[in-house]
Ligand SMILES: [Zn+2]
């Protein structure tokens with residue numbers, strides 16, 4: 001145990017400062033996206049079976065709608081630059097920039113050294129949820145993905161339908177490799193429809209039943225050519241447990257929509273970060 005110093009209250013009273021003020025972050029052209037979305041036509045549709053994942057291609061300038069057509073269901077989403085699997089979704093920096101949960105207007109950023117918007121969220125039927133009495137919010141970029149390694153660590157057993165394994169199998173099937181050879185590409189996800197937060201007393205990560213119902217959706221605009229992989233989590237609505245066959249699970253649906261010709265006049269796919277990557281030289285000894 002440590003002993004609180006006499007000025008403990010003063011130290012705790014230091015003002016909270018936003019780590020990454022976003023006033024200088026270029027604002028997404030949401031009005032342009034909204035007008036491009038009008039008249040967009042369905043180009044492809046993918047059904048993600050319960051406790052499975054599927055890969056799908058999403059060209060830059062297209063919209064992606066993720067919905068749960070039959071009932072409440074959490075989805076674990078991975079995003080890659082279509083022709084470079086090293087550039088992938090960076091949930092940690094997305095969280096640092098936009099907060100622990102994302103909704104319309106937030107961007108999904110790629111990892112270093114690219115650090116550019118991969119996608120911009122353009123519609124969210126659960127935006128009404130806000131924050132509940134437990135501090136829970138929807139569409140989480142905190143959780144990593146359910147995985148068989150943590151499951152074995154905590155339970156001693158094996159379960160092969162965790163989102164990590166589902167994503168690895170689906171990515172492998174898309175690339176023509178076994179899951180074991182591609183699982184290192186699987187990364188921390190956007191937890192679509194998942195309702196989570198941190199407990200006030202212990203700071204532990206919690207989940208509660210997703211407020212999503214049949215027909216709810218999250219839509220985003222692809223800023224670059226993307227390869228997406230989406231898993232229908234074995235936790236179902238994640239109201240009780242994951243990493244087992246106990247929960248009621250539903251399929252997810254992915255719809256790719258192509259805007260009308262000319263609807264995105266003036267829009268350009270974002271370039272990678274402009275940082276020189278020089279990283280400087282060591283400074284004189286301290
Ligand atoms: Zn999962």
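Would it be correct to say that residue 150 is surrounded by 14 or more Cβ atoms within 10 Å (Cβ to Cβ), more than 15 Å from the chain's Cα centre (by Cα) and not in a loop (DSSP other than H, G, I, E, B)?
Details: surrounded by 14 or more Cβ atoms within 10 Å (Cβ to Cβ): yes; more than 15 Å from the chain's Cα centre (by Cα): yes; not in a loop (DSSP other than H, G, I, E, B): yes.
Against the criterion (surrounded by 14 or more Cβ atoms within 10 Å (Cβ to Cβ), more than 15 Å from the chain's Cα centre (by Cα) and not in a loop (DSSP other than H, G, I, E, B)), residue 150 qualifies.
Pick out, from the range 167-286, the strands (runs of 3 or more DSSP E) lying fully within it that include 3 or more residues that are buried (at least 17 other Cβ atoms within 10 Å of the Cβ) and at negative phi.
190-198, 217-222, 226-232, 252-258
Being farther than 19 Å from residue 87 by Cβ and in contact (Cβ under 8 Å) with a residue 60 or more places away in the chain is the filter; apply it to the range 171-193 and report the residue that is nearest to the ligand (Cβ to nearest atom).
Filtering first and then ranking leaves 191.
If you scan the range 229-253, which residues turn out to be more than 10 Å from the ligand (Cβ to nearest atom) and touching a helix residue (DSSP H, G or I) at 6+ places or on another chain (Cβ under 6 Å)?
The one that is more than 10 Å from the ligand (Cβ to nearest atom) and touching a helix residue (DSSP H, G or I) at 6+ places or on another chain (Cβ under 6 Å): 229.
When you scan the range 260-271, do you find a residue that is in contact with a strand residue (DSSP E or B) (Cβ under 9 Å, 6 or more places away or on another chain), within 16 Å of the ligand (Cβ to nearest atom) and modelled with pLDDT of 95 or more, even just one?
So far as the range 260-271 goes, no, none of its residues is in contact with a strand residue (DSSP E or B) (Cβ under 9 Å, 6 or more places away or on another chain), within 16 Å of the ligand (Cβ to nearest atom) and modelled with pLDDT of 95 or more.
Inspect the range 59-75 for any residue being in contact with a helix residue (DSSP H, G or I) (Cβ under 7 Å, 6 or more places away or on another chain), surrounded by 14 or more Cβ atoms within 10 Å (Cβ to Cβ) and on the phi < 0 side of the Ramachandran plot and give the result as yes or no.
Yes, the conditions are met somewhere in the range 59-75.
When you go through 56, 63, 80 one by one, which is the residue that is under 15 Å from the mean Cα position of the chain (by Cα) and at pLDDT 95 or above?
Numbers: 56 fails: under 15 Å from the mean Cα position of the chain (by Cα); 63 fails: under 15 Å from the mean Cα position of the chain (by Cα).
The unique qualifying residue is 80.
Quick one: which of 123, 96 is closer than 22 Å to residue 196 by Cα and surrounded by fewer than 17 Cβ atoms within 10 Å (Cβ to Cβ)?
96
Test residue 144 against the stated conditions and say whether it is surrounded by fewer than 20 Cβ atoms within 10 Å (Cβ to Cβ), outside any loop (DSSP other than H, G, I, E, B) and within 16 Å of the ligand (Cβ to nearest atom).
no
Restricting the search to the range 194-228, which residues are out of contact with any helix residue (DSSP H, G or I) (no Cβ under 8 Å at 6 or more places or on another chain) and within 14 Å of the ligand (Cβ to nearest atom)?
Across the range 194-228, the qualifying residues are 194, 196, 205, 207, 210.
The values are calculated or read from the model by the stated rules, or taken from the named source; none is laboratory data. Model, not experiment: these values are computed from the prediction. Cβ: placed from backbone, ideal geometry, glycine included. Neighbour counts: every protein chain shown.
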